[in-house]
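K.L.:
Okay, here's the structure, questions in a sec.
The values are calculated or read from the model by the stated rules, or taken from the named source; none is laboratory data. It should be emphasised that the depicted structure is a prediction, and the values quoted were computed from it without experimental measurement. Every residue, glycine as well, gets a Cβ built from its backbone with ideal geometry; the counts of neighbours run over all protein chains shown. Protein only, heavy atoms only, side chains kept; ligands, DNA and RNA dropped before computing areas. Shrake-Rupley method; radii C 1.70, N 1.55, O 1.52, S 1.80 Å.
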Amino acid sequence: MQNSTKRTVRTVLQTSVGVAVMLPQIVSASGVPESLPWVAGSLAVAGGLARVMALPGVQALLPAWLRTDVEVRE
């Protein structure tokens with residue numbers, strides 16, 4: 001994979017995880033009721049994704065350029 005493509009994929013993944021982590025605050029600030037089914041489902045998925053991505057076993061399965069515990073050298 002080309003370096004620019006790797007950077008793009010990494011950026012999209014990091015942004016998605018970042019939005020997933022911030023989703024509860026976004027929902028709270030927007031005033032949308034958390035009891036709406038799609039909001040509740042989104043919050044559950046976001047929380048699950050953030051927890052799973054932080055697991056050491058998941059980090060070990062990711063390619064080196066996607067791991068958060070290893071510095072990327074280009």
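K.L.:
Can we say Ser4 is open to solvent by less than 70 Å² (accessible area, probe 1.4 Å) and not in a loop (DSSP other than H, G, I, E, B)? Let's see the steps before the verdict.
P.N.:
On the way: open to solvent by less than 70 Å² (accessible area, probe 1.4 Å): yes; not in a loop (DSSP other than H, G, I, E, B): yes.
Taking the combined requirement at face value, the residue satisfies it.
K.L.:
Of everything in segment 20-50, what is among the aliphatic types (A, V, I, L, M), under 28 Å from Leu66 (Cβ atoms) and touching a residue at least 12 places away in the same chain (Cβ under 8 Å)? Give them in sequence order.
P.N.:
Of all residues in segment 20-50, those among the aliphatic types (A, V, I, L, M) come to 20-23, 26-27, 29, 32, 36, 39-40, 43-46, 49-50.
In the following step, the residues that additionally are under 28 Å from Leu66 (Cβ atoms) were identified as 20-23, 26-27, 43-46, 49-50.
Listed by number, the residues that qualify are Ala20, Val21, Leu23, Val27, Leu43, Val45, Ala46, Leu49, Ala50.
K.L.:
For segment 39-71, what are the residues that are open to solvent by 70 Å² or more (accessible area, probe 1.4 Å) and of a type outside the set (A, V, I, L, M, F, W, C)?
P.N.:
Correct list: Arg51, Pro56, Thr68, Asp69, Glu71.
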